[in-house]
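Here's the structure we're looking at; comments come further down.
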Amino acid sequence: MFDFHLLEPVFLILIPVFYLGGAIATSVLPSHPGASGGSWVFDLAFISAVISAIGGWWWQGTSTWLNLAPLAQVMVLLITALGMILARFSKRYLAGDPGQPRFMVWLQLTLTSVALIATTNHLLVFLGSWIAISISLHQLLMFFPQRPRAALAAHKKFIFARLAELCLVVAFVLLYVSYDTFSIDQILVMAAAATELPPAVTISALLMAVAALFKCAQLPFHGWLIQVVEAPTPVSALLHAGVVNLGGFLMILMAPLISQVAAAQWLLLLVAGPTAVFASLVMMTRISIKVRLAWSTCAQMGWMLVECALGLYELALLHLLAHSAYKAHAFLNAGNTVEISLKKRLVAISNPGLKEVVPAALLALALMVASVSVATASGPAQVVAWIVPALALTILLSELFAAGGGVIFILRGLVLGAVFWALYWAQKAASRFLLAPPDSTVSLAAISFTGLLLIMLIIGYFLVRYRRNSPLGIRFHRFLFAAAYLDEWATRLTLKIWPAQLPDVVQPRSVVPVSSSSGSKESV
């Protein structure tokens, strides 16, 4: 008789097996129709993830090498769903391109490594998969090797990835020396039970935080993320939705350990916090849709790490899932985004006054008070978790009211409020079913620093959006448009440490007028 407790581990193992088998088949038979964008492998991986999740829900299995926690199941469902969508998009996007089979090979190898990271319970497998992701992603970033900016971004990413991997290697060695095991769950249990962590474990937590900052492209190591828009659009979608957020996943996975090391939490807060504010404002000055999305990712990864630093791991997980889905759609739908952006520019920006701000603030406050009144969790970090949406909701509603439109816009405002309410319950559901967040105390200094960041963000938003043509607004906009030249300094430093021979700029084809059959002039 079949043991249904094996459903979860068996089908979880099949996911990377399907991806790896598809990569091997594509490399061996590149001329086969399935090699040029066939999606059957990706469909099988997604079906396996669904069956594994169902099996884990009804008949939870056991495994020493696999992570069978709900967190792993959610991540695998996200990865396989994104992989299935990217495969279908790539089939049309790269139709006729001779490099399509090569692209599909490296895409499947990347997904193989991401799936292994999400499901493994072994430090060495985690580390090997982390390194494999970087290597396979490098090949995708260099899909167009003749593009100088793509080559420069891949070169910088290669260097920063090696630094992150070095941090992880040292961190995992220290964990093994301290706890004499490579099993992640055993390490976390022993760390949670300890009244005081050994110095080696504290250093390990700090190194993992540094690795997460590198992976999430935080300042000043962010430039490569902005420049990878030179790669094919599916690569950007994969990177921004499923790879760059692995730093946040590392922090969520290691939450019982990170939450006990105040230095690691402060490191995340001091680096990711300013990055989130700065990148959010820089994004508002960009014209290119893909560049705006890249700066948005940099900012969102910063806010996600800030949530981890404040001990709001369930909120960070919700942020990770929502951002992945949104950013994949935004990149794959970038063509329509251009049209939407052009239409928005035709609408005059109305500066909200007190008659718009006061009702918006009252409505946002009422929704947040209702949310907090039924909350079971408390503490200063939870207060911060709802001050942020209250402020955001106030700004959104006030701008809607200022734009006019009467009852329809008021209804849209109520819908926005309902969305925030739904996000609140999604966070609570994530906390209850997906994670068991560790008990952690957040210092008043950390709360105050986060509040200062929010104040700076609101002031900067007001200057960029409503005081763009004032003397201060012009100087501030110029500063943001240059992004403080941080990437230029980082680029010079990386090229000085490790010089790279970049390809020459490809000269555009000459435009020669020719006559069409109708007698009109065309260009070739």
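Side notes on the structure shown:
- Greater than 20 Å apart at Cα, pairs in Lys215/Lys496; Lys290/Lys327; Lys156/Lys215: Lys215/Lys496
- Across Met190, Met84, Met208, the residue with the most accessible area heads the list, and the full order at a 1.4 Å probe is Met190, Met84, Met208.
- q = 0.15 Å⁻¹, segment 198-313: log10 I(q)/I(0) [Debye, one scatterer per Cα]: -0.61
- Solvent exposure of Glu314, expressed as accessible area, is near 10 Å², computed with a probe of 1.4 Å over the protein chains only.
- Spin-label model distance (nm) - Leu444 vs Glu339, 7 Å beyond Cα toward Cβ: 5.6
- Spacing of the modelled spin labels on Val169 and Ala482, each 7 Å from Cα toward Cβ, amounts to 3.9 nm.
- Between amide H atoms placed 1.01 Å from N, distances below 5 Å from Leu66 occur with Asn121, all of them 5 or more places distant or on a separate chain.
- Multiplying each eigenvalue of the alpha-carbon gyration tensor of segment 158-208 by 5 and taking the square root yields semi-axes of 22, 11, 8 Å, largest first, rounded to whole angstroms.
- Prolate/oblate/rounded label for segment 77-140 (Cα gyration tensor, a/c 1.5): oblate
- In terms of its alpha-carbon gyration tensor, segment 120-166 comes out oblate; a/c meets the 1.5 threshold, while b/c is at least as large as a/b.
- A Cβ-based charge dipole, computed about the Cα centre of segment 140-287 with Lys and Arg at +1 and Asp and Glu at -1, lands at about 700 debye.
- Segment Val189-Arg88, extension gain: residue separation times 0.36 nm, minus the distance between their alpha carbons: 32.2 nm
- Segment 72-207 - charge dipole about Cα centre, Lys and Arg +1 at Cβ, Asp and Glu -1, debye rounded to 20: 920
- Each label was represented as a point 7 Å from its Cα along the Cα-to-Cβ direction; for Leu124 and Asp97 these points are 3.7 nm apart.
- Area of Phe126 that stays accessible when all protein chains are in place (1.4 Å probe, Å², to 10): 0
The values are calculated or read from the model by the stated rules, or taken from the named source; none is laboratory data. Keep in mind that this is a model prediction, so the values were computed, not measured. Note: ideal-geometry Cβ built from the backbone for every residue, glycine included; neighbour counts use all protein chains shown. Side chains are part of the model used for accessible areas, which takes the heavy atoms of the whole protein and leaves out ligands, DNA and RNA. Shrake-Rupley method; radii C 1.70, N 1.55, O 1.52, S 1.80 Å.
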